[in-house]
Amino acid sequence: MIGAGVVGLACAHSLARAGREVVVIERETAFGTGISARNSEVIHAGLYYPPGSLKARLCVEGRQRLYAWCAQHGVSHARCGKLVVASAAAQAPALQAIAERARANGVDDLRSIDAAELAALEPALAGHAALLSPSTGIVDSHGLMLSLLGEAERHGAMLALGSPVLEGRAEADGIALRIGGEAATELKAKRVVNAAGLDAPALGRAIAAPAA
């Protein structure tokens, strides 16, 4: 596993729980310091993606599973909800289109509210109408990653910090990775998951493999 952000740690937990021997290789001196530390920490309800798309399905399913995970593992989060506001009557059709798309995606708790209810919910807003999305929330992303790492390690996974992957090569019996840092070494793995965030494409190109 290359990369100790939220994706890498989630994959590590899943693989370790399935009985795989897992090593998470991270170039930084702490986990979760890349993209995973620079997001909005919003739990999205699934309002906007095209119906039938993978993003729409995974957003709705993932939101439900994320709330359950946070509750089970004591991760700070809040199902605070969100208002999508039409500030004028001319924006009402766009608001209706969002509502229809959300329902097609399986968002079953979205509710339309009028100007009076909007003003009662949030006096600082002035609008013609709004959609209330109760399933939108926020999460402590660092706490989430800490819980994933803890569960991965509980199932036997290991975290190697300060270990940048320099290059690799695919061989008949697995993938060899050359790792830098103070304890430079070479590691052979049957499978490698590239969860290096923005650096994932470059890292993929640095692993020599047959074109297929």
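The values are calculated or read from the model by the stated rules, or taken from the named source; none is laboratory data. Because the structure is predicted, anything quoted here is derived from the model rather than measured. Quick reminder, even Gly has a Cβ in these numbers, built from the backbone with ideal geometry, and neighbours come from all protein chains shown.
With (1) touching a residue at least 12 places away in the same chain (Cβ under 8 Å); (2) more than 14 Å from Gly8 (Cβ to Cβ) as the list, and Glu186 as the residue in question, which single condition is left unmet?
(1)
Provide a single number: the residues in segment 172-212 that are in contact with a Pro (Cβ under 8 Å, 6 or more places away or on another chain) and of a type in the set (Ser, Thr, Tyr). Show your work before the answer.
Step one: of segment 172-212, the residues in contact with a Pro (Cβ under 8 Å, 6 or more places away or on another chain) are 179-181.
When the remaining residues are screened for being of a type in the set (Ser, Thr, Tyr), the result is none.
The qualifying residues number 0.
When you scan segment 25-39, do you find a residue that is modelled with pLDDT of 95 or more, in contact with a strand residue (DSSP E or B) (Cβ under 6 Å, 6 or more places away or on another chain) and among the aliphatic types (A, V, I, L, M), even just one?
Scanning segment 25-39 turns up at least one residue that is modelled with pLDDT of 95 or more, in contact with a strand residue (DSSP E or B) (Cβ under 6 Å, 6 or more places away or on another chain) and among the aliphatic types (A, V, I, L, M).
Just checking, does segment 75-89 include any residue being of a type in the set (Lys, Arg) and at pLDDT 95 or above?
Here is the first cut: in segment 75-89, the ones of a type in the set (Lys, Arg) are 79, 82.
Within this subset, residues satisfying the condition of being at pLDDT 95 or above are 79, 82.
Yes, segment 75-89 contains a residue that is of a type in the set (Lys, Arg) and at pLDDT 95 or above.
Please identify the pairs in which a residue from segment 99-119 that is more than 14 Å from Gly46 (Cα to Cα) and hydroxyl-bearing (Ser, Thr, Tyr) has its Cβ atom under 9 Å from the Cβ atom of a residue that is at pLDDT 95 or above and surrounded by 15 or more Cβ atoms within 10 Å (Cβ to Cβ), counting only partners at least 6 apart or on another chain.
Pairs that qualify, where the first residue is more than 14 Å from Gly46 (Cα to Cα) and hydroxyl-bearing (Ser, Thr, Tyr) and the partner is at pLDDT 95 or above and surrounded by 15 or more Cβ atoms within 10 Å (Cβ to Cβ), are Ser112/Leu95; Ser112/Ala99; Ser112/Ala129; Ser112/Ala130; Ser112/Leu131; Ser112/Leu132.
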